[in-house]
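Presented below is the structure to which this report refers.
The values are calculated or read from the model by the stated rules, or taken from the named source; none is laboratory data. All values reported here derive from a predicted model rather than from experimental measurement. Neighbour counts run over all protein chains shown; Cβ positions are idealised from the backbone, glycine included.
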């Protein structure tokens, strides 16, 4: 009996190693190029935030005016880093769950280069003054077909990896990953066609743009992050997420509620009166799937408090899930049409919410995934424990500081805007301390992520060390007397 189990374990290990080898080049390409774009985005974040409290900073450079630097910063963060980190995690997780080597590595790698070319063209277009002016869609119109085409090729490789478990059920993390792969081309194609190919009234264009931003966060980045968190936390703790009613509630409520959010940003605009209220209601109801996801993850990791102290993957996932809970609360508080929305609609609070979603939840979970995936791809342990810990501490501290300063400063800015007796210069001056704090936090995050990028490059370039183990990579021991429920 024991010899049979040992043979099966050895076969599984050999298969997993073969899968990792087949994905080595595309996955590591997406992670390293994504980390490079992240460093660029953080550098531009420092410049953009500095211009809020010091408009003369780098004022002699036309390409570095606030109107160009800020959208370049956000788009580099979304499409340069976020999408490529998602590609790497999607490919790896789908291949691991399918138990099949990737036959399309060359095709995926080629499409990855095309994606980076499209992002570079869009980035240069924004800095040269050819941006569209639509948040998160500032790339010039000729870029989106390039990104859509390369996306379809990349996810085609992941679709080829999609296989149903022999027992006939799909793993829970695959629910989220597969849904995100289908939702992104829907929202991206719909938004770009309506805005660039079939343009209508400018007010409705603003509504479509607001819907796109919300859908991209809650229908792509959130399910990818949750799928990765469920899978990796289950691997590390040996306690997979169970397919009970709470998991189903979280998934299906996200799928039903999230497409309705976004239009709350148009409160006060000349649009049908009910649209902002529908968007605000949907944003508030997102509390349901997010709370379900937080409870599921906490239930998986609750017995492993000692492991949490030493394992970077669990640390990043825990910080990301905590940020997701803050997102659930702020999505209720920020978007109440008759009370808080007038105060936050045109203030720093919206920026704080965006960073909380992009960096506080999604990026932290992706960092946790990277600390699991890269040693298996590179064939060696992480080089420095200290760099990993510095990356975690500075990332979490910087994210908390930025979101706190932006959310609180945004409320103060909004109250000043609503008080017509106050001069505008006084309102702007009152938010300067918050803007300085954000600049300082971006500097800390840039510092840590530059070293993270160098650490990643060294892992990729240095020779493999087969059999090497890293203290931070040790999985949690199996729970005595506990038989984990099958996640398939």
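Which one of 228, 158 is buried (at least 24 other Cβ atoms within 10 Å of the Cβ) and in contact (Cβ under 8 Å) with a residue 60 or more places away in the chain?
The unique qualifying residue is 228.
I need the helices (runs of 4 or more DSSP H) fully contained in the stretch 338-449, keeping only those with at least 1 residues that are crowded, with 22+ Cβ neighbours inside 10 Å.
So the answer is 341-344, 348-355, 364-378, 385-418.
Exactly one condition in (1) over 22 Å from residue 449 (Cβ atoms); (2) in a helix (DSSP H, G or I) is not met by residue 56; state its number.
So the condition that residue 56 fails would be (2).
Checking the structure you have, find out if any residue of the stretch 1-19 is in contact (Cβ under 8 Å) with a residue 24 or more places away in the chain, crowded, with 24+ Cβ neighbours inside 10 Å and in a helix (DSSP H, G or I).
No; the residues of the stretch 1-19 include none that is in contact (Cβ under 8 Å) with a residue 24 or more places away in the chain, crowded, with 24+ Cβ neighbours inside 10 Å and in a helix (DSSP H, G or I).
Would a scan of the stretch 140-150 turn up a residue that is modelled with pLDDT of 95 or more, out of contact with any strand residue (DSSP E or B) (no Cβ under 9 Å at 6 or more places or on another chain) and closer than 26 Å to residue 374 by Cα?
Within the stretch 140-150, one or more residues are modelled with pLDDT of 95 or more, out of contact with any strand residue (DSSP E or B) (no Cβ under 9 Å at 6 or more places or on another chain) and closer than 26 Å to residue 374 by Cα.
Output the qualifying pairs, or none if there are none: Cβ atoms under 6 angstrom, residues six or more apart or on different chains, first residue in the stretch 57-80 and without any contact (Cβ under 8 Å) to a residue 12 or more places away in the chain, second residue outside any loop (DSSP other than H, G, I, E, B).
57/50; 57/51; 58/64
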